[in-house]
Amino acid sequence: MDEKPETVPIPNPNETDDVYNAQIESCIHYHVEHDRSIPIPLRCNKATLDLVNGMLDCKDCISKCCRESMTLGGKSEPIALTAEEFKRCRVTLNHNQQTALDAVAVKLTYEGIDCVNIPYPCAFYRKSEGCSVYKIRPVVCRLFPVGYVQSKEMGTLVGLNPRCPGVPAVARKLFTLWRKAALKEIPNVR
């Protein structure tokens, strides 16, 4: 049996348009198929997060990230909130919902921070209205689908979670923007 590579290379901006676009599709396909973050050659910062969130269209989404674990690699992890986020969101529920949530919530301390893990589906998700705490949603929800990946060649990069249905389209747009920026910085190209 052939060994699968850890990842496929990030598309090379110096290639022709057809080759570059084929490399983008290959990169996206590989990472979706292997349940791994899609590495985007951009820095992990607020500007990148804002850019991704501006490109992501959640209006027509099926709220997959609210209904099932988005943890990569076949794991099923709970939703991790800080204790403060949990309290802030919990008060929006009625008494029966609070009691049901308290029965499944797991309190823990992680690196000195009081946290609460809640299982999927998210207790704050409503099929009819979506996220009932959207304006005060926890950081983990605000960041999704953005994470980070380590690249031997390029250091820490943005990683997009391929379990989000909108990620492939966002990845294509980001690779195109990155290429335009890279070609301006690389002399004697085309």
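Of the conditions (1) touching a Phe, Trp or Tyr at 6+ places or on another chain (Cβ under 6 Å); (2) surrounded by 15 or more Cβ atoms within 10 Å (Cβ to Cβ), Leu157 fails just one. Which one is it? Leu157 satisfies every listed condition except (1).
Among the residues that make up region 89-112, is at least one of them in contact (Cβ under 8 Å) with a residue 40 or more places away in the chain and either over 26 Å from Ile10 (Cα atoms) or out of contact with any Leu (no Cβ under 9 Å at 6 or more places or on another chain) (or both)? Spell out the reasoning first.
Looking only at region 89-112, we keep the residues that are in contact (Cβ under 8 Å) with a residue 40 or more places away in the chain, and these are 89, 92.
From the residues that got through so far, the ones that are either over 26 Å from Ile10 (Cα atoms) or out of contact with any Leu (no Cβ under 9 Å at 6 or more places or on another chain) (or both) too are 89, 92.
Yes, the conditions are met somewhere in region 89-112.
It is to be established whether one or more residues within region 81-99 are under 15 Å from the mean Cα position of the chain (by Cα) and on the phi < 0 side of the Ramachandran plot. There is no residue in region 81-99 that is under 15 Å from the mean Cα position of the chain (by Cα) and on the phi < 0 side of the Ramachandran plot. For the structure I just gave you, tell me whether Cys44 is under 24 Å from the mean Cα position of the chain (by Cα), closer than 20 Å to Tyr134 by Cβ and of a type in the set (A, V, I, L, M, F, W, C). It is false that Cys44 is under 24 Å from the mean Cα position of the chain (by Cα), closer than 20 Å to Tyr134 by Cβ and of a type in the set (A, V, I, L, M, F, W, C). Going by the structure shown, is Gln23 closer than 22 Å to Gly159 by Cβ, free of Cβ contacts under 8 Å to residues at least 24 places away in the same chain and in contact with a helix residue (DSSP H, G or I) (Cβ under 9 Å, 6 or more places away or on another chain)? So Gln23 fits the description; yes.
Do we find that Val32 is β-branched (Val, Ile, Thr), over 29 Å from Lys135 (Cα atoms) and surrounded by fewer than 16 Cβ atoms within 10 Å (Cβ to Cβ) in this structure? For Val32, the condition - β-branched (Val, Ile, Thr), over 29 Å from Lys135 (Cα atoms) and surrounded by fewer than 16 Cβ atoms within 10 Å (Cβ to Cβ) - is met.
Residue-by-condition table, conditions (1) farther than 12 Å from Lys87 by Cα; (2) modelled with pLDDT of 90 or more:
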position: Asp114; (1), (2): no, yes
position: Ala123; (1), (2): yes, yes
position: Lys127; (1), (2): yes, no
position: Pro138; (1), (2): no, yes
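Selection over region 134-165 of residues that are out of contact with any helix residue (DSSP H, G or I) (no Cβ under 9 Å at 6 or more places or on another chain), under 23 Å from Ile118 (Cβ atoms) and not small (Gly, Ala, Ser) gives a count of 1.
Check region 49-62 and report whether any residue there is closer than 30 Å to Arg179 by Cα, in contact with a Leu (Cβ under 6 Å, 6 or more places away or on another chain), in contact (Cβ under 8 Å) with a residue 24 or more places away in the chain and not charged (D, E, K, R). Before the answer, list the steps.
Quick first cut of region 49-62, residues closer than 30 Å to Arg179 by Cα only: 49-61.
Now restrict to residues that are in contact with a Leu (Cβ under 6 Å, 6 or more places away or on another chain): none.
Checking region 49-62: not a single residue is closer than 30 Å to Arg179 by Cα, in contact with a Leu (Cβ under 6 Å, 6 or more places away or on another chain), in contact (Cβ under 8 Å) with a residue 24 or more places away in the chain and not charged (D, E, K, R).
The values are calculated or read from the model by the stated rules, or taken from the named source; none is laboratory data. Because the structure is predicted, anything quoted here is derived from the model rather than measured. Cβ coordinates were reconstructed from backbone atoms using ideal geometry, including for glycine residues, and neighbour counts include every protein chain displayed.
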